[in-house]
Amino acid sequence: MAESAEYFNSGLHFELLDRNKDGYLDTAEVTRLGVAMGVSLQEIGAVAAGLDGDGDGKVSREELGAAVHEFFYGDDPEAPGARIFGKLD
Ligand SMILES: [Ca+2]
Ligand SMILES: [Ca+2]
């Protein structure tokens, strides 16, 4: 798991996700991530809101890294980061 988190935090994945290279993931880019991760369309809105830590409507590299870290290392199943990949059941 740690290796996966480091992969995300390396920024490599962020560069791939940030299709228009503006330094942020917008709704369309987050949706693309969600679909790729198998998140249902009904869940993507909640996942996107969870990723957007400061609520400015876009996800920065730091916000994605924090959410991924929380997903892998957090122990609160209700934390926003825990929802990054949607429901795991
Ligand atoms: Ca972007
Ligand atoms: Ca944000």
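The values are calculated or read from the model by the stated rules, or taken from the named source; none is laboratory data. Source: prediction; values computed, not measured. In this analysis, Cβ positions are derived from the backbone assuming ideal geometry, glycine residues included, and neighbour counts consider all displayed protein chains. Surface accessibility is based on the protein's heavy atoms, side chains included, excluding ligands, DNA and RNA. Shrake-Rupley method; radii C 1.70, N 1.55, O 1.52, S 1.80 Å.
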Matching residues, region 33-89, being at pLDDT below 80, part of a loop (DSSP other than H, G, I, E, B), surrounded by 15 or more Cβ atoms within 10 Å (Cβ to Cβ) and not β-branched (Val, Ile, Thr):
PHE85, GLY86
Hits in region 7-26 - residues which are modelled with pLDDT of 85 or more and either open to solvent by less than 40 Å² (accessible area, probe 1.4 Å) or not in a loop (DSSP other than H, G, I, E, B) (or both):
PHE14, GLU15, LEU16, LEU17, ASP18, GLY23, TYR24, LEU25
Find all pairs meeting these conditions: Cβ atoms under 6 angstrom apart; at least six residues apart or on different chains; first residue within region 53-72 and more than 13 Å from LEU17 (Cα to Cα); second residue of a type in the set (D, E, K, R).
GLY53/GLU63
